[in-house]
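Okay, so here's the structure we're looking at.
The values are calculated or read from the model by the stated rules, or taken from the named source; none is laboratory data. Just so you know, these numbers come straight off a predicted model, no measurement behind them. All Cβ positions, even for glycine, are placed from backbone atoms using ideal geometry, and neighbour counts span all protein chains on display. Keep in mind that these areas ignore ligands, DNA and RNA; they rest on the heavy atoms of the full protein, side chains included. Shrake-Rupley method; radii C 1.70, N 1.55, O 1.52, S 1.80 Å.
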Amino acid sequence: SQKIEQNSEALNIQEGKTATLTCNYTNYSPAYLQWYRQDPGRGPVFLLLIRENEKEKRKERLKVTFDTTLKQSLFHITASQPADSATYLCALETDSGYSTLTFGKGTMLLVSP
Amino acid sequence: DGGITQSPKYLFRKEGQNVTLSCEQNLNHDAMYWYRQDPGQGLRLIYYSQIVNDFQKGDIAEGYSVSREKKESFPLTVTSAQKNPTAFYLCASSINWSGGAFFGQGTRLTVV
């Protein structure tokens, strides 16, 4: 079955810097990949989707890349702010024949002033 | 305001009791899902429903049951057969996955 790997260690960066989070997956390449933000004690919030035929997608300060050869997606937040501190989840379509998502465990981002 | 509502936010139950978690959406989405999240774990799919009166088991359905009698509602029952029910439960809905999923605020269930 599809496995998703996100860095379990928290990423600490200084305000104003660019944060880069990694999502690696095994097995087959999904048609699309999604990124979500989750704050403590709350449900995830959808941020961006990138399709397999797209190399890069942008939304305001967010940028996502998708390399199907490396089986990897990178999630960038430019000009990071303390308010960006949260856990970021990567999700792929499930390969078990039904249309659902498989989520990674997420990476916590901490942006200090 | 359109959205997806889970209730209650916190729930305490004694071991051996069944408990039902509510999930309601007014987004007119056909698909609804239940996930479970444990500390340090990813979201794991319990059940999902693509249409009214139809639902399928996810990866960890044992000890859980659902119903989908209305498009807006997808309640989850945690039965006494679930060996480790204490967790954070998340309900989600979507038109299709390409548009992302909308999640509720979650219900934290503690079984004592």
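Mind listing the long-range amide H neighbours of A:Gln2? Cut-off is under 5 Å, sequence gap 5 or more, other chains count too, H placed in the peptide plane at 1.01 Å from N.
Here the answer is A:Asp95, since their amide H atoms fall under 5 Å of that of A:Gln2.
Determine ³J(HN,Hα), in whole Hz, for all residues of the range A:52-68 in sequence, where each value follows from phi through the Karplus function 6.51 cos²θ - 1.76 cosθ + 1.60 and θ = phi - 60°; x replaces Gly and Pro.
Ordered by residue, 3J(HN,Hα) equals 5, 8, 10, 7, 8, 9, 10, 8, 6, 8, 9, 9, 10, 10, 9, 10, 6 Hz.
Relative contact order for chain A: what percent, with Cα pairs under 8 Å and sequence separation of 6 or more?
Relative contact order of chain A: 37 percent.
Using the heavy atoms of the protein chains and a 1.4 angstrom probe, tell me the accessible area per residue for the range A:42-113 in square angstrom.
Averaged over the residues of the range A:42-113, the accessible area is 48 Å².
Can you pull out the buried accessible area for chains B and A, both sides counted, probe 1.4 Å, rounded to the nearest 100 Å²?
Protein heavy atoms only, the B-A interface buries about 1700 Å².
Ignoring any ligand, DNA or RNA, what whole percent of the accessible area of the range B:45-112 comes from carbon and sulfur when the probe is 1.4 angstrom?
Carbon and sulfur atoms account for 51 percent of the accessible area of the range B:45-112.
Give the long-range amide H neighbours of B:Leu27: residues separated by 5 or more places, or on another chain, with amide H under 5 Å away, using H modelled in the peptide plane at 1.01 Å from N.
B:Gly3
Classify chain A from the C-alpha gyration tensor, please: rounded if a/c falls under 1.5, else prolate or oblate depending on whether a/b exceeds b/c.
The shape class here is prolate.
Please report, largest first and rounded to whole Å, the three semi-axes of the ellipsoid equivalent to the range B:1-67, where each semi-axis is the square root of five times an eigenvalue of the C-alpha gyration tensor.
21, 16, 13
Quick check for me: using +1 on Lys/Arg Cβ and -1 on Asp/Glu Cβ, what's the dipole size of chain B about its Cα centre, in debye to the nearest 20?
Roughly 300 debye, rounded to the nearest 20.
What residues in the range B:79-112 lose 50 Å² or more of accessible surface when the other protein chains are added to their chain alone (1.4 Å probe)?
The answer is B:Trp97, B:Ser98, B:Phe103, B:Gln105 - residues whose exposure falls by at least 50 Å² when every protein chain is included.
On the protein heavy atoms, probe 1.4 angstrom, tell me the percent of accessible surface of the range A:6-67 carried by carbon and sulfur.
Reported share for carbon and sulfur atoms: 44 percent.
Any idea of B:Leu45's accessible area? Nearest 10 Å², probe 1.4 Å.
Roll a 1.4 Å probe over it and B:Leu45 shows about 0 Å².
Got a sec to turn the phi values of the range B:67-79 into Karplus ³J(HN,Hα) couplings, 6.51 cos²θ - 1.76 cosθ + 1.60 with θ = phi - 60°, whole Hz, x for Gly and Pro?
9, 9, 8, 10, 4, 7, 10, 8, x, 10, 9, 9, 8
Per residue, what accessible area does chain B have, given a 1.4 Å probe and all protein chains present, in Å²?
On a per-residue basis, chain B sits at 49 Å².
If you plug each phi of the range B:44-59 into the Karplus form 6.51 cos²θ - 1.76 cosθ + 1.60 with θ = phi - 60°, what whole-Hz ³J(HN,Hα) values come out, in order, with x for Gly and Pro?
Karplus values, whole Hz, x for Gly and Pro: 10, 7, 9, 8, 9, 9, 9, 7, 4, 6, 9, 7, 10, 6, x, 6.
Give the percent of DSSP beta bridges with both residues in chain A that are antiparallel, rounded to the nearest 5.
Approximately 90 percent, going by the DSSP bridge assignments.
Counting only other chains, what is the mean number of Cβ atoms within 10 angstrom of the Cβ of each residue in peptide B:41-49?
4
Using only atoms on other chains, find how many Cβ atoms lie within 10 Å of each Cβ of peptide B:8-17 and report the average.
So the per-residue partner count for this stretch is 0.
Looking only at Cα atoms, what is the convex hull volume of the range B:5-112 per residue, in Å³?
Output value, Cα hull per residue: 93 Å³.
What is the average number of partner chain Cβ atoms found within 10 Å of a Cβ in A:41-49?
Neighbouring Cβ atoms belonging to other protein chains average 6 per residue here.
Pairs of Cα atoms under 8 Å, at least six residues apart: use those to get the relative contact order of chain B, whole percent.
Across chain B, relative contact order equals 35 percent.
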